[in-house]
Amino acid sequence: TSPELERKLSRAMLNGNFDAAVKCCLEAGRIADALVLAASGGPELWTSTRDSYLASLSTPFMATLNTVVHQDFASYVAESDLNCWRETLALLNTYAAPEELSALCNQLGERLEEDAPAATVCFMCAANIPKATALWEAYHAPSADGSGETQALLDLMEKLSVLQEAAQTREGFALVAAKVTSFAETLASQGCLHAAMQ
């Protein structure tokens, strides 16, 4: 708001020098004025001014905004706080392109493999049936004395069936072929021959 700044801005505007006018506004902290001027100065000036603004503030919200604006989700996933994995997954599902979503969810799941339930959700969103199944099997294993084996197997088969139906794929059965066979044997031993054959 100083008279010198106003004179510099007026001179730049009278000469049609939007670059100089934007630079003056940015140096003076007049971000809104810089963005308005940049919008009139062409797409290159707009982009560079927007990027200067996004880089000027380092808050979690600005990092998220920068990711959405630049569509740089791979870097965001690589650097995101794993304690906020749900927010990261929500951001991916909201803004990432459909053709990138599976790879990004896999990337987040791989970073979360120490947290089996969280990683499983990410692999489910990626429709990565082998990884999700392996984590389910490890996480929901029956107790050491063998009790609960039938229930754990039933839970695994139900989850696998639902995930395959949702993902519209048959991938993953090779990974758990022994479990499928064991499940069929359990059904047959209980007299459910039709279900066992399926």
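The values are calculated or read from the model by the stated rules, or taken from the named source; none is laboratory data. Source: prediction; values computed, not measured. Glycine gets a Cβ as well: all are built from the backbone with ideal geometry, and neighbour counts include every protein chain shown. In case anyone asks, the SASA skips ligands and DNA or RNA and just uses the protein heavy atoms, side chains included. Shrake-Rupley method; radii C 1.70, N 1.55, O 1.52, S 1.80 Å.
What to note about this one:
- Between 0 and 90°, nearest 10: helix 43-56 axis offset from the chain longest Cα axis: 70 degrees
- Label zone at Phe61 (point 7 Å along Cα-to-Cβ), backbone N below 16 Å, the range 8-50: 32
- At a Cβ-Cβ separation cutoff of 4.7 angstrom, cysteine residues of the chain with no neighbouring cysteine are Cys24, Cys25, Cys84, Cys122, Cys192.
- Gain in span if fully extended, Glu113 to Ser75, counting 0.36 nm per residue against the direct Cα distance: 11.8 nm
- For Asn17 and Ser48, the difference between the fully extended length at 0.36 nm per residue and the C-alpha to C-alpha distance is 9.6 nm.
- Taking every protein chain into account, the 1.4 Å probe leaves Glu149 with about 90 Å² of accessible area, to the nearest ten.
- Counting only protein chain heavy atoms and rolling a 1.4 Å probe, the accessible areas of Arg111, Arg50, Arg11, Arg86 rank, largest first, as Arg86, Arg11, Arg111, Arg50.
- Cα gyration tensor shape for the range 1-74, rounded if a/c is under 1.5, else prolate or oblate: oblate
- In this label model, Arg86 and Asp33 are separated by 4.4 nm, measuring between points 7 Å along each Cα→Cβ vector.
- The slack between Ala138 and Ala97, meaning 0.36 nm per residue of separation minus the straight C-alpha distance, is 11.6 nm.
- Largest-first principal axis extents, alpha carbons of the chain, Å: 91, 30, 17
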